[in-house]
Amino acid sequence: MWPSQFLFTNVNYSLYCGAGAAAASASPQIWATIPQIFPKKQVVKVMGYATSGLAFAQIIGVPLGSFLAGWSWRFPFFFVGTIALILTILVITYMPHLDKTNTRATSFSIYRNFFKNKQALKLLFSYLLFQMANFCAFSFIGTWFSNNFSLPIASIGSFVLIIGLGQFIGSLAGSHIVRILTFPKAFFLEFLLFMLGYVILPFSPSAIIATMILSFIYFIGGAIFPLFMSTLQATAPKARGTMSALTNAFMYLGEAIGGVFGGILIKNFPGFFGISVFTVIGVFLAMLLYARQGYFKK
C-alpha cells in the first residue's frame with residue numbers, strides 16, 4: 001500500500017470513529033432533554049415522536065443513501081454533514097438553557113451515586129434483556145427470509161422497509177394507547193402482544209404472512225419503546241444524561257449479545273424457532289422485573 005493510500009485509509013477510519021462517537025454522545029441527550037422541556041403528561045407522547053423520527057430515518061435512510069450514491073459516493077456524506085450543520089444551528093438558536101445548577105459534579109461522583117440506585121439498575125438490566133431478545137430476532141430476519149423463503153436481497157430489503165413502517169406507526173400511536181388504556185395496562189399488554197407475535201412467527205407459511213406478523217411486532221415495539229425510556233428516566237431525575245448514556249450502552253450491549261446467540265440459534269435450530277423461543281424468554285424475564293417493581297399496578 002502506498003503511503004498516501006495508507007494515510008487516506010486511516011483518516012477515513014478516524015472520521016468514521018469520530019462520527020460514531022458524536023452520534024453516541026448526542027442521541028442520549030435527546031431522551032434526557034425531553035422530560036425537562038415537556039410536562040409530565042406529554043413525555044410519553046413526545047418520546048413517541050422522537051422514536052417515530054428514528055424509525056422514519058431508518059426507513060428512508062438506506063434507499064436515500066443509495067440514490068445519492070448513484071451520483072457520487074461523496075454525496076451521502078455531504079448531505080448528512082449539511083443536515084447535521086443545519087440542525088446544530090437550530091439547536092443553538094432555539095434550545096432553552098437546561099443547566100440550572102451552579103455546581104459541577106465529577107463523572108466519578110455521578111456514576112457512584114447512580115449505581116447506588118437499585119431501582120434504576122434493575123430497570124436497566126430489564127432493558128438489556130429486552131434489547132438482547134429484540135436484536136437476537138431482528139438481526140436474523142433477513143437470513144431467515146433468505147433460507148426459508150428463498151428471497152433475493154432486493155425483496156428482503158422491501159419487506160424490512162414494511163416492517164420498519166410498522167415501527168414508525170407504533171411510535172406515533174403509543175401515546176394514544178396509553179391514554180386509552182392507562183400506562184400500566186398499556187405497558188403490560190404491549191409486553192404480552194410482543195411475546196405473542198414471536199410465538200406465532202415461526203409458523204408463518206410465507207414471507208408475506210411473516211412480514212405482516214413482524215410489522216405487528218414492531219408496531220408494538222415502537223409503542224413500547226417510549227414507555228421504557230420514560231420509566232428509565234423517571235428513576236434517575238437528577239442524572240437523566242447518565243441514564244440516557246447507559247441506556248444506549250446497554251442497548252448496544254444487548255445487540256452484541258443477541259447477535260451472538262442469534263447466530264448460534266439460526267444455525268442449529270430449524271427456521272426461526274430457536275430465535276423465537278430465546279426472544280420470548282428474554283422479553284418475559286424483562287417483564288417480570290418490571291412487574292416486581294410494580295409498574296403494572298401503579
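Here are some notes:
- Distance (nanometres) between label positions extended 7 Å along Cα→Cβ at Ile37 and Phe203: 4.6 nm
- Taking all protein chains as shown and a probe of 1.4 angstrom, Val280 keeps an accessible surface of around 30 Å².
- Per-selection metrics, region 212-298 (Cα): Rg and Dmax in Å: 15.3, 48
- Rolling a 1.4 angstrom probe over the protein heavy atoms with all chains in place gives region 91-220 an accessible area of 55 Å² per residue.
- Net lengthening on full extension, Leu161/Ile89 (0.36 nm per residue, minus Cα-Cα): 22.8 nm
- Cβ-derived FRET efficiency at R0 35 Å, Ala256 paired with His97, nearest 0.05: 0.45
- Protein-only accessible surface at a 1.4 angstrom probe places the residues Tyr218, Tyr49 in the order Tyr49, Tyr218, largest first.
- Positive minus negative residues near Leu129 (Lys, Arg vs Asp, Glu; Cβ under 15 Å): +1
- Packing, as the average of other Cβ atoms within 10 Å across residues, places the peptides 224-231, 185-192 in the order 224-231, 185-192, highest first.
- A full extension of the chain between Arg179 and Ile30 corresponds to an added length of 51.3 nm, given 0.36 nm per residue minus the alpha carbon distance.
- The packing ranking, built from the mean of other Cβ atoms within 10 Å per residue, places the peptides 131-141, 162-172, 282-292, 77-87 in the order 131-141, 162-172, 282-292, 77-87, highest first.
The values are calculated or read from the model by the stated rules, or taken from the named source; none is laboratory data. Please read all numbers here as calculations on a predicted model, not as lab measurements. Cβ coordinates were reconstructed from backbone atoms using ideal geometry, including for glycine residues, and neighbour counts include every protein chain displayed. Heavy atoms of the whole protein, side chains included, go into the accessibility calculation; ligands, DNA and RNA do not. Shrake-Rupley method; radii C 1.70, N 1.55, O 1.52, S 1.80 Å.
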